[in-house]
Structures are given as C-alpha cells and as structure tokens.
Amino acid sequence: MGDQEWLADRFEADRPYLRGVAYRMLGSLTEADDAVQETWLRLSRTDTSGVNDLRAWLTTVVARVALNMLRSRKTRREASLEPHLPDPIVSSEAGVDPEQEALLGDSVGLALLVVLGSLTPSERVAFVLHDVFAVPFDEIAPIVGRTPTATRQLASRARRRVRGAPVPDGSLERQWVVVDAFLAAARAGDFERLLAVLDPDVVVRADGGETRPQLIAETRGAEAVAKQALSFRRFAATATRVLVNGVPGGVAWSPDGAPYAVLSLTVRGGQILAIDVLADPERLARLDLTFAAS
C-alpha cells in the first residue's frame with residue numbers, strides 16, 4: 001500500500017469524526033462537508049512524515065478551515081438580525097443511525113447550536129475544540145491567533161453564553177408526552193391546552209429562507225406562540241413524529257406531499273421552552289425525509 005493510499009484510508013476512518021467537529025462549529029451540513037473535503041485536499045498536498053498524531057493534525061486543519069468559513073459568514077450576515085437556524089439532523093423516532101451519532105455526539109440540539117451561532121467565530125472554535133473535543137488550549141491558541149490565556153478566556157465567555165441554552169428533560173419518553181400534547185392541541189385548535197404545555201417564556205425561532213421571508217421571525221411568550229400555533233393548525237394536522245438532533249420534533253407536510261417545515265421542540269420541566277422551525281424549501285429539499293413521509 002502506497003503512502004497516499006494509506007493516508008486516504010486513515011482519512012476515511014476519521015471522516016465521521018471530522019464531520020462532527022465541523023458540524024458543531026458551522027451548524028451547516030453542507031459547509032461541514034466542504035470543510036472536510038478541504039481538509040482532505042490539504043492533507044493530500046502535505047508531507048506528513050513528521051506528523052506524530054494524524055487525528056490531532058486533521059482536527060487542527062478542519063478547525064482552521066471552519067474558522068475561516070465562520071469569519072466569512074459573519075461578514076455576510078452581520079447586518080441581518082433575522083433568525084438563521086442551523087441545519088437539522090432528522091431521524092426516525094426509533095433512534096439515530098451510527099453516522100448521525102458521530103455528528104450529534106453527546107447532544108447537539110438545535111437550541112444549543114442557535115446559541116453557538118451567537119458567539120464570535122473565535123469563541124465558537126475555542127469552545128467546541130476544548131469543551132467538546134478536549135483539545136488543550138495551547139493547541140487551540142495558534143488556530144485562533146491568540147495566546148493560550150486569551151484562548152482560555154474565549155472559551156470561558158462562550159461557556160457562560162452556552163449555559164443559557166435550554167437543556168431538555170432527561171427522559172425522551174416524557175418529552176414526547178408533552179410534544180404530543182402540543183401537537184394534539186394545535187390540531188384541535190385548543191388555545192387553553194396549548195397554553196398549558198407552553199413555558200411562559202417560550203420562544204419560537206422560524207427560518208423560511210429567501211423563498212419564504214414572511215416566515216423568518218422570532219416569537220416570544222406563551223400567548224403569542226399559542227396564537228401562532230393556531231394559525232398553522234392545518235400543518236400540525238399533517239405532522240409526523242421524528243427526532244431532530246436527538247429531541248422530539250416533527251415534519252409538517254404541504255398538500256402536494258412536499259415537506260413544509262421541520263420542527264424541533266425543547267421540553268424542560270414538563271413544558272415546551274423552545275420551538276425551532278426550519279421552513280426554507282431549498283434547505284428542506286437537501287434533507288432525506290422520505291422515511292417520515294405520511
């Protein structure tokens with residue numbers, strides 16, 4: 001086996017891990033794949049004879065690529081205050097497959113990814129590498145262009161922000177009870193039952209993309225969210241149960257059988273604390289939702 005073939009085999013073995021690193025940093029499956037591909041191109045052009053730990057080297061490279069992507073993205077979006085949801089990982093309610101497990105790890109819910117998206121690029125990279133993948137600060141520092149002490153401060157600031165991300169209840173079964181009650185109330189048009197399962201401070205983040213700009217919005221408060229749910233009750237009637245990044249969710253369908261939206265619902269304390277709705281037709285078309293078709 002030649003050196004290039006050996007490198008290719010080693011890279012393919014680490015591809016799921018690298019994709020998981022990139023997804024946590026970017027919140028985009030397409031961009032994560034692009035970052036992994038760029039990492040392979042750099043590996044194929046590099047003399048690795050002096051590399052002692054290839055996975056660590058690859059982690060550094062994919063982190064640098066992701067950081068550049070984040071900085072470029074921030075420049076493009078800095079004038080926009082509209083919600084932009086991460087790409088969801090949608091799976092059967094029976095559970096996620098091994099490839100999805102590599103992406104999700106311990107838990108990368110959409111609500112957490114939304115919070116990560118509010119960090120600066122350097123904060124996000126420092127937090128993900130250190131807190132999720134246990135990379136030492138002295139190895140992260142050259143990636144973000146800071147001293148190890150400053151890098152530690154970046155991760156610390158990110159950690160404080162991440163603590164504010166809603167954490168779902170531990171039991172998936174109990175989460176489903178609440179989500180099913182919400183969907184049933186929406187289908188029935190029962191405003192009071194909706195209020196009963198919504199946290200008073202519930203937030204809905206909806207992203208309809210360029211095709212549906214009228215759906216790009218953030219709604220807060222149980223009454224406002226309940227009214228919104230009633231206005232979309234016809235879609236609640238078509239929703240099929242799925243897991244979205246490991247937590248209960250649903251796919252709502254248009255009359256023509258196309259997916260209208262993917263919903264992720266974060267349940268804490270027996271009530272729904274956050275609802276993330278991806279209704280961007282272009283991004284929905286890139287998801288394999290055939291298993292969830294009603």
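The values are calculated or read from the model by the stated rules, or taken from the named source; none is laboratory data. For clarity, every value in this text was computed on a predicted model and none was experimentally measured. A quick note on method: Cβ atoms are made from the backbone with ideal geometry, for glycine too, and the neighbour counts reach across all protein chains shown. To get the accessible areas, we keep the full protein, side chains included, count just its heavy atoms, and leave off ligands, DNA and RNA. Shrake-Rupley method; radii C 1.70, N 1.55, O 1.52, S 1.80 Å.
Taking the conditions exactly as written (under 19 Å from the mean Cα position of the chain (by Cα) and among the β-branched types (Val, Ile, Thr)), does ILE216 satisfy them or not? Considered against the rule, which asks whether it is under 19 Å from the mean Cα position of the chain (by Cα) and among the β-branched types (Val, Ile, Thr), ILE216 comes out as yes. In segment 208-231, the residues that are free of Cβ contacts under 8 Å to residues at least 24 places away in the same chain reach residues that are open to solvent by 40 Å² or more (accessible area, probe 1.4 Å) with C-beta atoms within less than 8 angstrom, at least six apart or across chains, in these pairs: THR219/GLN228; ARG220/ASP201; GLY221/PRO200; GLY221/ASP201. Each residue in segment 11-37 was checked for being over 21 Å from the mean Cα position of the chain (by Cα) and either open to solvent by less than 60 Å² (accessible area, probe 1.4 Å) or farther than 21 Å from GLN100 by Cβ (or both), and 1 pass. Filtering segment 59-70 for residues that are closer than 20 Å to GLY208 by Cα and either modelled with pLDDT of 90 or more or in contact with a Ser or Thr (Cβ under 8 Å, 6 or more places away or on another chain) (or both) leaves an empty set. One residue stands out among those in segment 248-265 that are farther than 19 Å from ARG286 by Cα and not hydrophobic (A, V, I, L, M, F, W, C): the one that is nearest to the chain's Cα centre (by Cα), which is PRO248.
Within the option set ASP14, ASP47, ASP33, being of a type outside the set (A, V, I, L, M, F, W, C), closer than 23 Å to ASN245 by Cα and either free of Cβ contacts under 8 Å to residues at least 24 places away in the same chain or assigned to a loop (DSSP other than H, G, I, E, B) (or both) holds for one residue only, ASP33. Name every residue in segment 262-294 that is outside any loop (DSSP other than H, G, I, E, B), aliphatic (A, V, I, L, M) and open to solvent by 20 Å² or more (accessible area, probe 1.4 Å), in order of residue number. If the condition is that a residue be outside any loop (DSSP other than H, G, I, E, B), aliphatic (A, V, I, L, M) and open to solvent by 20 Å² or more (accessible area, probe 1.4 Å), then LEU263, LEU273, VAL277, ALA285 are the ones that fit.
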